[in-house]
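Just below is one structure, and these are the notes that go with it.
Read the figures in this text as sums done on the coordinates, not as results from a lab. Source: prediction; values computed, not measured. Every residue, glycine as well, gets a Cβ built from its backbone with ideal geometry; the counts of neighbours run over all protein chains shown.
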Amino acid sequence: MNPVIAPAARAAWSRMRLRQSAHLRDLTAETTFTAAHLIQPLFIVEGLRAPQAITGLGDNARLGIEAAADAAARDVQAGVRHFLLFPVPASRHPRGQSAHGPRAAEAIKRAVGDSAHVWVDVCLCASTDTGHCALFDAGGGIDLDATLEALAVSAVALAGAGADGVSPSDMMDGRTARLRAALDEAGHARVPIMSYSTKFASQMYGPFREAADSAPRFGDRRHYQIDVRSRADALASSRRCADEGADLLMVKPGMTSIDLIAPIREATGRPTGAYQVSGEYAGLTLLAAGGLTDFDAALLETWHVFRRAGASYVITYGARHARRLGLPA
């Protein structure tokens, strides 16, 4: 006589049966992922003659304009469809003025043409003599209006140089509205804004600050980036960016903000992505270097987790490996 199997046990066996082969696991997967959901950062350093390695970021390097254009062309052949450029000027200016960003955007867009979408980070930290994302008044406080104007001028110049989209990362209140108005007035109404809408003051940015030479020369950024303890502020920040005209929203760092992706997307109706920041990516490379994980499998796992959490896209230093990892185009 067959034993009576409780309904709960029958359900458990059914789940196990559906996990027993790759075909069944793929058939019943709740999320899908393609290379088109990934964005590859590029660090483009003015006047740099030879590539410079970046601690913890594997085959990512600081590149001169020509080398970056060549790298972008190779990345397109490897399946990359989106780039996020971080132009690093050779000199700094008290007001953050630099022509390097537009030149870099023009060169990369010329290299990839319509095969890829070129986003450019909009911030002042790599070009100001303070290393901060803002300009300061005579009393040492943030000069918000001057900062927003400098950001708007930069966004318009980048769009004029051929950037397909701009991505403000400064975390100044009101910057999305100012950029949208400036772009529209300059005839760039079709240029989208991918906002760093929820960006925390995090310890996970170390390799990036080395790559972009963007560490502040004094103090820190806690008075304009979001406190990691503040969920309400994080959600409000993204809602504000959406209200001001952002087309895409983002959480940063991705893994430590993973609880916010779905709530932001639901609250705003905007596609919401995750930035797998330099510290998170470096953690995988260092684990692999010590023989403690399979880098490819771990990287792919993190991407699927971001997607499962509701991310519409992922910015990752490993986007150029997507085809090798088996993701469809």
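Summary table below
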{"item": "Two-site FRET efficiency, ALA99 against ALA201, from Cβ-Cβ distance with R₀ of 35 Å, rounded to 0.05", "result": "0.70"}
{"item": "Average Cα contact separation per residue, the stretch 90-229, under 8 Å, 6 or more apart, as relative contact order %", "result": "25 percent"}
{"item": "Listed residue (SER214, HIS93, GLY273) projecting farthest to the positive dipole end of the chain, Cβ model", "result": "GLY273"}
{"item": "Cα point-scatterer Debye curve for the chain, base-10 log of I(q)/I(0) at q = 0.11, 0.15 Å⁻¹", "result": "-0.69, -1.28"}
{"item": "Cα centroid separation - the stretch 97-158 against the stretch 234-307, whole Å", "result": "23 Å"}
{"item": "Difference of contour (0.36 nm per residue) and Cα-Cα distance, ARG74 to SER115", "result": "13.6 nm"}
{"item": "Estimated dipole of the chain in Debye, rounded to 20 [Cβ of Lys and Arg +1, of Asp and Glu -1, Cα centre]", "result": "1020 debye"}
{"item": "Mean ellipticity per residue at 222 nm, deg cm²/dmol - from DSSP H runs of n ≥ 4 across the chain, formula -39500 (n - 2.57)", "result": "-11500 deg cm²/dmol"}
{"item": "Computed over the chain: relative contact order in percent, which uses C-alpha pairs under 8 Å that are six or more apart", "result": "19 percent"}
{"item": "The stretch 236-329: trypsin sites (Lys or Arg not before Pro) falling in loop per DSSP and having at most 13 other Cβ within 10 Å", "result": "ARG324"}
{"item": "Neighbour-limited loop hits for trypsin sites (Lys or Arg not before Pro), the stretch 194-237 (at most 16 other Cβ within 10 Å; DSSP other than H, G, I, E, B)", "result": "ARG217, ARG222, ARG229"}
{"item": "Cβ-based charge dipole, the chain, positive-most Cα from LEU135, MET204, SER21", "result": "SER21"}
{"item": "Karplus (6.51, -1.76, 1.60) ³J(HN,Hα), θ = phi - 60°, over the stretch 284-289, in Hz, Gly and Pro reported as x", "result": "5, 5, 6, 4, 5, 4"}
{"item": "Angle in degrees between helix 231-243 and the longest Cα principal axis of the chain, rounded to the nearest 10", "result": "70 degrees"}
{"item": "Principal axes of the stretch 120-267: Cα extent on each, largest first, Å", "result": "40, 39, 29"}
